[in-house]
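Shown next, in structure tokens, is the structure this report addresses.
The values are calculated or read from the model by the stated rules, or taken from the named source; none is laboratory data. These numbers were taken from a predicted model, which means no experiment stands behind them. Counting neighbours? That spans all protein chains shown, and the Cβs are built from the backbone with ideal geometry, glycine included.
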């Protein structure tokens, strides 16, 4: 029974994903090529700290990313790792009192310094 419920939930999530990305419901994004453990190792190396939280997300464009929160000293960093390439997409200081809009603003401000 649990397997049947899980399959129904996956089908429902796939349909919702298709609506959110504009892709047909049957067209799921490619599965991750790296493991969560590899994403954690990459994020920890990027920041020089210890991972405290990890989750996988799908962006609007259909790409899969791992969002890894890494503690370095008394600061928490949010590191986004591409699930296909294993490359760091973004790394920003994460203030849990602020929302993701602030994180995006900081990341864009950092990109301007190139």
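See the values below:
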quantity: Boolean, residue 98 is surrounded by fewer than 18 Cβ atoms within 10 Å (Cβ to Cβ), over 15 Å from the mean Cα position of the chain (by Cα) and at pLDDT below 95; calculated: yes
quantity: For residue 53: the one exception among (1) under 13 Å from residue 94 (Cβ atoms); (2) out of contact with any helix residue (DSSP H, G or I) (no Cβ under 9 Å at 6 or more places or on another chain); (3) touching a residue at least 24 places away in the same chain (Cβ under 8 Å); calculated: (3)
quantity: Filtered residue count, region 17-52, keeping only those that are at pLDDT below 90, part of a helix (DSSP H, G or I) and surrounded by fewer than 16 Cβ atoms within 10 Å (Cβ to Cβ); calculated: 2
quantity: Subset of region 56-73 that is free of Cβ contacts under 8 Å to residues at least 24 places away in the same chain and closer than 17 Å to residue 35 by Cβ - its residue that is surrounded by the fewest Cβ atoms within 10 Å (Cβ to Cβ); calculated: 57
